[in-house]
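Student: Pasting in a structure now, in structure tokens, and then I'll have a few things to ask.
The values are calculated or read from the model by the stated rules, or taken from the named source; none is laboratory data. As the structure is a prediction and not an experimental result, all values here were calculated from the model. Positions of Cβ are backbone-derived with ideal geometry, glycine not excepted, and every protein chain shown enters the neighbour counts.
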């Protein structure tokens, strides 16, 4: 893949996942958050399993790593993450939620260093975590007029970021034997099951309260097919091309598309507090990843030396 094509795919993925926050806002106008998320992953998992069955590539977990990966990823990254994210977006806009999820690249290395005996919690990591939390405080904008609603929304989306980051630590040393598509299908199926269980136990989250309007159905299909299946396929293709360091920068491009889509479609305004919080989180990421980023910059900028002539 050429550099220009890679850049185009990177921006396309950021646009798909950025506009997904706007689609979530649209769907939440008519659908309770947890049933909304559950049906989204019902659709995505059914389509993936159907594709695997048609191509004869249907697999089930076999090894311990398979089970650890799909259970941790499905229950937390898909299930719990979307319970908190969709519920949090009842209180904050999609643009704010997208910015807060920029904490994922900051929190993940911090959790990994704390949990792994191979890594140490460095001063750079500590600075990154502090700046990331400072960004959350700035975004919360603790004005007495909006303190309760903003605090609830910020807390829920922050919990969503943690639920997304923790599986990366749990599965740090696992190597699933299944294909990528089969792994994604099982992740989404387990996530959907967790979401359906949450519907049963969480008050106020009933399918009976859903209003299946055309706009809600359009948002649901977009999130399941385009942002879900298409987005993840594109993400892992880019991950092979760019590597985890460069790919993690997508968390800082997504909010731009989320804010633009929210403004164009829903008339949502982006406040100075959101911009300032985004800056703090970005600085936190740079601090936490400083050593790796510096090495990557040298690799890109420094000219490659030619091998000596025989």
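Student: Here are some conditions: (1) at pLDDT 80 or above; (2) under 17 Å from the mean Cα position of the chain (by Cα); (3) under 28 Å from residue 49 (Cα atoms). Residue 259 meets all but one. Which one does it not meet?
Tutor: (3)
Student: Determine which member of the set 150, 175 is closer than 23 Å to residue 262 by Cα, at pLDDT 65 or above and surrounded by fewer than 20 Cβ atoms within 10 Å (Cβ to Cβ).
Tutor: Details: 175 fails: closer than 23 Å to residue 262 by Cα.
The unique qualifying residue is 150.
Student: Restricting the range 152-175 to residues that are farther than 13 Å from residue 81 by Cβ and in a helix (DSSP H, G or I), which is farthest from the chain's Cα centre (by Cα)?
Tutor: 152
Student: Further question: Quick one: which of 25, 42 is surrounded by fewer than 21 Cβ atoms within 10 Å (Cβ to Cβ) and within 30 Å of residue 204 (Cβ to Cβ)? Spell out the reasoning first.
Tutor: Working: 25 fails: surrounded by fewer than 21 Cβ atoms within 10 Å (Cβ to Cβ).
Criteria check complete, one pass: 42.
Student: Just checking: which of the helices (runs of 4 or more DSSP H) contained wholly in the range 24-108 hold 1 or more residues that are without any contact (Cβ under 8 Å) to a residue 60 or more places away in the chain? Full working, then the answer.
Tutor: Numbers: elements: 33-55, 64-72, 81-88, 94-100.
The helices (runs of 4 or more DSSP H) meeting that bar are 33-55, 64-72.
Student: In the list 197, 256, 264, 239, which residue meets the criterion of being closer than 28 Å to residue 292 by Cα, part of a helix (DSSP H, G or I) and free of Cβ contacts under 8 Å to residues at least 40 places away in the same chain?
Tutor: Working: 197 fails: closer than 28 Å to residue 292 by Cα; 256 fails: free of Cβ contacts under 8 Å to residues at least 40 places away in the same chain; 264 fails: closer than 28 Å to residue 292 by Cα.
Only one candidate qualifies: 239.
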